């Protein structure tokens, strides 16, 4: 129900948007010939005569990232929109969706951290949804009828991260960055030259992978993987039938040397008496890389 003290203020003044779903059950959004989107949707509140609605969808352009979208009409447009969902009495999400224009708001849902919530929506028997801004709050029952079939349709159409660095470190790293940029910033990922490269670092005749996260950014936003201590680097070494992550951490640089690799690390990774970066040697082992101690920074 809409809280009575704010009902009138909540539904006043926004451009009317068309309802996209049923009020009692989740429905499949067929492929839209104009936007290209498909997925699953529901409108927990809809009043066509008044031109008001509050709708949710899990949708995408097929093959592009899965997005949780909210569409609202009939009240002042907030800068962003909070959405909290409970299923069978348990809160699954308390999210802030970013404005995308004309009463629509989005948040990427491509990472593995959203899987449990999506499964709860599909398996639950009852739910509630709260839309909130700094000024208003609207709460109502969230029907879950037909949610499994409708959301399965969305999941089959939309891209989601499937990181498995043990199988394919390159694809997993790209998937991780794409997911982060979409979920955290609603931005596309940009992976510049040198993001990944293959090289036989340990000399066993098999190609390993280096991932330089510092070369990635989320659209115009600077890299989330760099700071004053350096940039995030990962080394995946070929072992057995796949790969193991031998190293992942912040480093100002690295060199391959006899028997291992040397990373230039922040003072927090160095001896207690150091207040400047140090070079740390990591030895190649059957399990990957093992820290062996501080050394002099090797020449090129």
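Annotations for the structure displayed:
- The per residue volume of the convex hull around the alpha-carbon atoms of the chain is 178 Å³.
- Between residue 130 and residue 268, the contour length at 0.36 nm per residue exceeds the alpha carbon distance by 45.4 nm.
- Residue 146/residue 241 FRET efficiency (R0 25 Å; Cβ-Cβ; nearest 0.05): 0.05
- Compared with the dominant principal axis of the Cα atoms in the chain, helix 147-157 is inclined by about 50°.
- Percentage, to the nearest whole number, of Cα pairs in region 169-295 over 24 Å apart: 32
- Placing dummy labels 7 Å off each Cα toward the beta-carbon, the span from residue 100 to residue 296 is 5.7 nm.
- 18 Å cut-off, amide nitrogen to a point 7 angstrom out along residue 91 Cα→Cβ, residues in region 132-155: 132-142
- Among 227-233, 174-180, the peptide with the highest mean count of other Cβ atoms within 10 Å heads the list, and the full ranking is 174-180, 227-233.
- Region 207-267-region 90-158 distance, computed between alpha-carbon centres (Å): 35
- On full extension, the segment bounded by residue 24 and residue 116 gains 30.8 nm, given 0.36 nm per residue less the C-alpha separation.
- Helix-only CD estimate at 222 nm, as mean residue ellipticity for the chain, using -39500 (n - 2.57) per DSSP H run (n ≥ 4): -4000 deg cm²/dmol
- Take every Cα pair under 8 Å whose residues are at least 6 apart in sequence, average their separation, divide by the length of the chain, and the relative contact order is 12 percent.
- Projected label distance in nm at residue 193 and residue 221, using a 7 Å step from Cα toward the beta-carbon: 2.7
- Compared with the dominant Cα axis of the chain, that is its longest principal axis, helix 169-185 is turned about 40°.
Values in this text are rule-based calculations from the coordinates and carry no lab data. Keep in mind it's a predicted model, so treat the numbers as computed, not measured. Cβ: placed from backbone, ideal geometry, glycine included. Neighbour counts: every protein chain shown.
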